[in-house]
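Student: Before I ask anything, let me first share the structure, which is written out below as structure tokens.
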Amino acid sequence: GMPEFQRNKSLRGLADLEELAEYCYYVAGVVGELCTELFVLHCPELAKHRDAMMRLAVSFGQGLQMTNILKDIWDDRHANACWLPRSVFGADFDLARLEELHTTPAFRNGLNQLLGVGHAHLRNALEYTCMIPKSETGIRRFCLWAIGLAVLTLRKIHRHPEFRSAAEVKVSRRTVKATILTTNAALISNRALHLLFERAAAGLPLA
């Protein structure tokens, strides 16, 4: 599916949330499915959760990919690409003119809707991770670091919707270290992980 999207990329963006979900599936959803198959092979105890995890894996992948899409809006435009869905910004909004329109209420409203969708997918990613046995600390850590950094990136975008480059909303090295330390400390407690997530996601829109 990726070659098709690359052939048709433009500054006009994607049509709607459905097309965005399809794009995210080809980029990241299939990776989530592959990782799930590997996790089940490695840990037979996960076999009972396989079907549920396969469904959540696609959502997990979309949450991470949507974070990248929102963070990289301006960098992608330098490559003549826009992966935002036109439908969330309204019929009269022209993504090809984003440089002129990125400070308008229509853009902020659409951005908040996408932040809410990404946030919802990352909640599914946390549920996915909590299904992994607490003894599998390596797999849990692998998932949690990605989720934590994605949530904090979405929060930074929400606070700075006027950003004009990925560097402006990239989490700092200090934040990366703090995320690693806190997730490692809460690694085997699903309750603690949910509390950490709620704290990190505070203030974010939720679809």
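The values are calculated or read from the model by the stated rules, or taken from the named source; none is laboratory data. A quick note: this is a predicted structure, and the numbers were derived from the prediction, not measured. Neighbour counts are summed over all protein chains in view; Cβ atoms, including those assigned to glycine, are modelled from backbone coordinates with ideal geometry. Only protein heavy atoms, including side chains, enter the accessible area calculation; ligands, DNA and RNA are left aside. Shrake-Rupley method; radii C 1.70, N 1.55, O 1.52, S 1.80 Å.
Student: For Leu14, which sequence-distant residues (separation of 5 or more, or a different chain) have an amide H within less than 5 Å of its own amide H, given hydrogens modelled in the peptide plane?
Tutor: When sequence neighbours closer than 5 places are left aside, the close amide H contacts are Leu84, Arg86.
Student: While we're here: Give me the percent of the accessible area of the chain that comes from carbon and sulfur atoms, probe 1.4 Å, all protein chains in place.
Tutor: Reported share for carbon and sulfur atoms: 56 percent.
Student: Right, here's the next one. Using the Cα centre of region 1-63 as origin and beta-carbon charges of +1 (Lys, Arg) and -1 (Asp, Glu), tell me which of His42, Pro3, Leu56 is placed farthest towards the positive end of the dipole.
Tutor: Positive-end residue among those listed: Pro3.
Student: In square angstrom, what is the accessible area per residue of region 114-207 with a 1.4 angstrom probe?
Tutor: 50
Student: Gap in Å between the Cα centre of region 160-207 and the Cα centre of region 89-134?
Tutor: 16
Student: Considering only the other residues whose Cβ falls under 14 Å of the Cβ of Pro133, what net charge follows from Lys and Arg at +1 and Asp and Glu at -1?
Tutor: Numbers: positive: Lys48, Arg50, Lys134, Arg140, Arg141; negative: Glu45, Glu136.
Taking every other residue near Pro133 into account, the sum is +3.
Student: Lys and Arg at +1, Asp and Glu at -1: add these up for the other residues within a Cβ distance under 11 Å of Glu22 and post the number. Before the final figure, lay out the partial values.
Tutor: On the way: positive: none; negative: Glu4, Asp16, Glu18, Glu19.
Net of charged neighbours comes to -4.
Student: Within region 163-187, what residues put their amide N at less than 20 Å from the label point 7 Å along the Cα-to-Cβ vector of Thr137?
Tutor: Once the point is set 7 Å along Cα→Cβ of Thr137, 177-187 turn out to lie under 20 Å by backbone N, inside region 163-187.
Student: Now for a different question. Keeping all protein chains in place and using 1.4 angstrom, which order do Ile69, Ile180 fall into by accessible surface area, from largest down?
Tutor: Ile180, Ile69
Student: Determine which aspartates and glutamates satisfy two conditions relative to Lys156: a Cα distance under 18 Å, and not lying fewer than 8 residues away in the same chain.
Tutor: Excluding near neighbours in sequence, the set is Asp72, Asp75, Glu168, Glu198.
Student: If you don't mind, another one. Can you tell me how region 101-207 classifies by the Cα gyration tensor, rounded, prolate or oblate, using a/c under 1.5 as the rounded cut?
Tutor: Prolate, because a/c is 1.5 or more and a/b exceeds b/c.
Student: Then there's this: Please list the helices of the chain that count as membrane-span-like by this rule: a mean Kyte-Doolittle hydropathy of at least -0.5 together with Cα atoms stretching 24 Å or more along the helix axis, each helix being a complete DSSP H run.
Tutor: 50-71, 105-130, 137-159
Student: Rounded to the nearest 20 debye, what is the charge dipole size of region 88-207 about its Cα centre when +1 sits on each Lys and Arg Cβ and -1 on each Asp and Glu Cβ?
Tutor: 700
Student: Here's a follow-up. Taking the Cα centre of the chain as origin, work out the dipole magnitude from +1 charges on Lys and Arg Cβ and -1 charges on Asp and Glu Cβ, in debye rounded to 20.
Tutor: Using only the charged Cβ atoms, the result is roughly 900 debye.
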